[in-house]
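The values are calculated or read from the model by the stated rules, or taken from the named source; none is laboratory data. Just so we're clear, the structure is a prediction, and the values are computed from it rather than from any experiment. Every residue, glycine as well, gets a Cβ built from its backbone with ideal geometry; the counts of neighbours run over all protein chains shown.
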Amino acid sequence: MRDEVRDMPADDRSGRARGLARRQVLGIGGALGLMAATGLSTAAVLSRRPAATGAELRSAMPLPPAFQVPLPLPSVLKPAGTGGGADRYEIVQREAQVEILPGVRTPMWTYGGTFPGPTIESRRGRPVMVTHCNELPVPTVVHLHGGRTRPDSDGYPTDLVLPGSWPTDGHAMGGMQGVMDMGAMPGMPATAGDARALTTRLTREYTYPLDQRPTLLWYHDHRMDFTAPAIWRGLAGLHIVRDDAEEALGLPAGDRELPLMIADRAFDADGSLAYPALDPTLRERPGVREPYLAGVLGDVILVNGAPWPVHEVGAARYRLRILNASNARHYALEAIGEDGRRLDLVQVGADQGLLATPVTHRRLPIAPAERYDVVIDFGAVPVGGRVRIVNRLGSGRSRDVMAFQVVRRATDDSRVPRVLSEDLPVWRRQDATRVREFAFRAGRKDGRHVWLIGGRPFDPSRTDVTTGFGDIEVWRLVADVHHPVHLHLVGFRILSRGGRAPLPHDAGLKDTVSLRPGESAEIITRFDGYRGRYLFHCHNAEHEDMGMMANLEIT
Ligand SMILES: [Cu+2]
């Protein structure tokens, strides 16, 4: 196992960063620790920005060669029923043996027996109800990431679905005793009776109005203290929202639209997933062992649950719906042909749907939980040619992601219009009611390492932010190491990064902003949709479990 974090350029804007090849062991404090220890200026630290925050687990079994396993496409879930203008789905959360590495059975926690879970396809404004049945040995919570959802279906981390055998005493709240120093029902603001109101046993129906811009969402576990290992074990799936306007654009569609869930994992010698949990049962004690406190990285890159897969394509445009579902790994994606040249990645959408106009990238950074909607044109690739998708932030096996093999000539009537959407919200700085500032930093509490927002670890009983329904706010977010910051309920625009204009990949409506070490960013949003208690948090899942989450109350 490796425990060092490499000192590599985080992007190619800084030519001089390239020259810094020396290895640098960075502790939890990351760039700020480096700054303090060496007296380096902010600019110097930024030029030495590490590629990763976290430590990589090494698999203890032979790994397959890259670009051999066909790319799986997650099955699209059929409704269990339709009626009243809504669709009802049922998903059983259960343990299953899944073939991830060829010929190897890996026990996983799954939505419906597969990893990724089944994809839900929805239409804008047509409500969806999903009944989740928990047959796993621990409580679960389902959050639809990027969904405009009422608070009681948003998957608040203590709104548990208990397994049948789970005790109903204070213990029912899972590992919360481990981090809360409160009463018998830790962390709950009301009476014990109220506290249990949103906790159900065995099943729970989640309602999603989906009255929102079409985009790629994803659903995943969100249980307090145990989100990271639960996602790692397999609790993640895709949810696509579509509408007529988007379909009328003429973007590549059908089998030329590919959802790509990228996630890293590591494997033990027996084929099970390796994960450095302090409590492997994920019942009592949250957290991970040293040296993984900054994030768990795997040495196997999966796309749709397959290691370094290959997909056969025609020489035409394809639409890639990319999600980084990794706990902590960042990627800088490039598409490289056999002549070594990089193909254009034409971004048409961000986390929260279509951009106003396309943005062309040669390299696309993607942080945990971010999504990019990208069109790539294989039209100039000769039949028999291969295009590799590589990760410029990786090293060794994590440098490869997947490949496309061009196997036939193809006609192509798809297009990428110059105007993609005209309904992007435009919020101006002067319209903001408030400006808030939040520091995302490492810290210590009760002798343990924690991750803090504004100096405080998550406490479900404390309201951190209260805002009025419809208020526009500017939030200034400051990071020590990499922190992908996610707001529930609302999309936002990125106003600035490091005091300058946003980067090209910051375009559009976002719900997750990737803060790099030592960096600040300003976002602007309008808090609307629904009133109630929501969250914002870091989407490095290990950071989230170790306190980097806060309550947002819309009144
Ligand atoms: Cu973080």
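Taking region 465-510 on its own, how many of its residues are more than 16 Å from the ligand (Cβ to nearest atom), among the small types (Gly, Ala, Ser), in contact (Cβ under 8 Å) with a residue 40 or more places away in the chain and touching a strand residue (DSSP E or B) at 6+ places or on another chain (Cβ under 7 Å)?
Summing the residues that are more than 16 Å from the ligand (Cβ to nearest atom), among the small types (Gly, Ala, Ser), in contact (Cβ under 8 Å) with a residue 40 or more places away in the chain and touching a strand residue (DSSP E or B) at 6+ places or on another chain (Cβ under 7 Å) in region 465-510 gives 5.
Given the structure, is Arg388 surrounded by 14 or more Cβ atoms within 10 Å (Cβ to Cβ), in a strand (DSSP E or B), away from the ligand (no atom under 16 Å from the Cβ) and in contact (Cβ under 8 Å) with a residue 60 or more places away in the chain?
So Arg388 fits the description; yes.
For region 74-114, what are the residues that are under 24 Å from the mean Cα position of the chain (by Cα), part of a loop (DSSP other than H, G, I, E, B) and surrounded by 15 or more Cβ atoms within 10 Å (Cβ to Cβ)?
Pro74, Leu77, Ile100, Leu101, Gly112, Gly113, listed by residue number.
Does Asp221 count as in contact with a helix residue (DSSP H, G or I) (Cβ under 6 Å, 6 or more places away or on another chain) and modelled with pLDDT of 95 or more?
For Asp221, the condition - in contact with a helix residue (DSSP H, G or I) (Cβ under 6 Å, 6 or more places away or on another chain) and modelled with pLDDT of 95 or more - is met.
Just one of Tyr331, Tyr318, Tyr372 is hydroxyl-bearing (Ser, Thr, Tyr) and closer than 17 Å to Gly237 by Cα; which is it?
Answer to the check: Tyr372.
Residues that are aromatic (Phe, Trp, Tyr) and more than 30 Å from Ser122 (Cβ to Cβ): find the strands (runs of 3 or more DSSP E) completely inside region 246-333 holding 1 or more of those.
It comes to none.
Considering only residues that are assigned to a loop (DSSP other than H, G, I, E, B) and closer than 21 Å to Ile453 by Cβ, which ones fall in region 500-530?
Hits for region 500-530 are Asp511, Arg516, Pro517, Gly518, Glu519, Phe527.
Every residue, every condition in (1) charged (D, E, K, R); (2) under 16 Å from Arg317 (Cβ atoms); (3) in contact with a Ser or Thr (Cβ under 8 Å, 6 or more places away or on another chain); (4) touching a residue at least 24 places away in the same chain (Cβ under 8 Å), yes or no:
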position: Gln352; (1), (2), (3), (4): no, no, yes, yes
position: Pro365; (1), (2), (3), (4): no, no, yes, yes
position: Asp373; (1), (2), (3), (4): yes, yes, yes, yes
position: Phe378; (1), (2), (3), (4): no, yes, no, yes
position: Leu393; (1), (2), (3), (4): no, no, no, yes
position: Val406; (1), (2), (3), (4): no, yes, no, yes
position: Thr411; (1), (2), (3), (4): no, yes, no, yes
position: Arg418; (1), (2), (3), (4): yes, yes, yes, yes
position: Gln430; (1), (2), (3), (4): no, no, no, no
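Does any residue of region 490-511 turn out to be closer than 22 Å to Pro457 by Cβ and under 18 Å from the mean Cα position of the chain (by Cα)?
No, because not a single residue in region 490-511 is closer than 22 Å to Pro457 by Cβ and under 18 Å from the mean Cα position of the chain (by Cα).
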